[in-house]
1. V61: assigned to a helix (DSSP H, G or I), modelled with pLDDT of 95 or more and within 17 Å of F109 (Cα to Cα), yes or no?
2. Residue by residue through region 145-160, note down the ones that are at pLDDT 95 or above and either open to solvent by less than 10 Å² (accessible area, probe 1.4 Å) or under 12 Å from the mean Cα position of the chain (by Cα) (or both).
3. Search region 228-245 for residues being crowded, with 19+ Cβ neighbours inside 10 Å and of a type in the set (G, A, S), and hand back the single one that is nearest to R208 (Cα to Cα).
4. Scan region 227-246 and report the pairs whose first residue is under 14 Å from E262 (Cβ atoms) and whose second residue is of a type in the set (F, W, Y) and assigned to a loop (DSSP other than H, G, I, E, B), with Cβ atoms within less than 8 Å and a gap of 6+ or a chain change.
5. I'd like the full set of residues that are open to solvent by 90 Å² or more (accessible area, probe 1.4 Å), among the acidic types (D, E) and assigned to a helix (DSSP H, G or I), limited to region 34-56.
6. When you look at A163, is it under 13 Å from the mean Cα position of the chain (by Cα) and at pLDDT 95 or above, yes or no?
Amino acid sequence: MSKSTGLGLTEQQPQALGDASIWTVIRAEAVELAVREPILQQLLAAQVTDTAGNDEIIARVLAARLSVVQVETGDLFDLILSTLDDDIMRKVEADLIAVRERDPACTTFLHALLNLKGFHALQTHRIAHALWIAGRPEIASWLANLVSLVFGPDIHPAARIGASIMLDHGSGIVIGETAVIEDEVSILQNVTLGGTGKETGDRHPKIRHGVMIGAGAKILGNIEIGAFSKVAAGSVVLKSVPTHCTVAGVPATLVRVHRAYEIPAETMDQNI
């Protein structure tokens, strides 16, 4: 059994990359893809192979996806690139590894980088959150709204999200203002981390390390989903959930206690 590092990495995973960084692998994948699919050659050159740095890759990919409004792509690129820092780039890499490891439909890092809207939405949220923290709420909120329009997930820019996160599919995901998502969490489509009404202040869920939230689950209120637990698809959770267990139903109730070494976010086992 692989041992988790808390960033979507295990003791076996670094060997899978060998001595190459994830960005070296992505560039090599892009070169190979350009040969197989010449129609993509110009796009891959502009967004991956001809870039000056790793941060420029993610900035160009996101700017290209988001340039559907009357804002110049170059201006979006500059905004994103100027906001990226070492901490965000570390999280980007951990998220890429998480998607590649957990999603059986994701066959390469390049596929995750170019094609998965849940990944795109999450990385753009990281930019919006950094702008929010920097005292720029208007541009942060504008960017968060653009994410919702283009990719689907509706994530408040104040929400705090850790590393090694997978937003599978991304469609219909809603994450409220005071929500907290710790490292190594997997969230499937149509999940809501919301409030229970018109409360003010700290009113959204806290999702702890290693949790998996199944499709369509609704977690409402300032409650905690304990580390390494699982919320079954379609469940409505109104009370805090202990660590190392599965809850299911409407309203959700405890249905199983896990072994201590199980990490639902990594195994992605949808069975109750």
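The values are calculated or read from the model by the stated rules, or taken from the named source; none is laboratory data. Everything numeric here is computed off the predicted structure, so don't read it as measured data. Here the Cβ is made from the backbone with ideal geometry for all residues, glycine too, and neighbour counts use every protein chain on show. Surface areas here come from the heavy atoms of the whole protein model, side chains and all, with no ligands, DNA or RNA. Shrake-Rupley method; radii C 1.70, N 1.55, O 1.52, S 1.80 Å.
1. No: the conditions fail for V61.
2. P153, I155, P157, A159, R160
3. The selected residue is S229.
4. These pairs meet every condition: T243/F228; H244/F228.
5. Of everything in region 34-56, nothing turns out to be open to solvent by 90 Å² or more (accessible area, probe 1.4 Å), among the acidic types (D, E) and assigned to a helix (DSSP H, G or I).
6. The answer is yes for A163.
Okay, residues lined up against (1) in contact with a strand residue (DSSP E or B) (Cβ under 7 Å, 6 or more places away or on another chain); (2) of a type in the set (S, T, Y); (3) under 22 Å from P104 (Cα atoms); (4) assigned to a strand (DSSP E or B):
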site	(1), (2), (3), (4)
S186	yes, yes, yes, yes
N190	no, no, yes, no
G197	no, no, no, no
R203	no, no, no, no
G216	no, no, yes, no
I219	yes, no, no, yes
N222	no, no, no, no
T243	no, yes, no, no
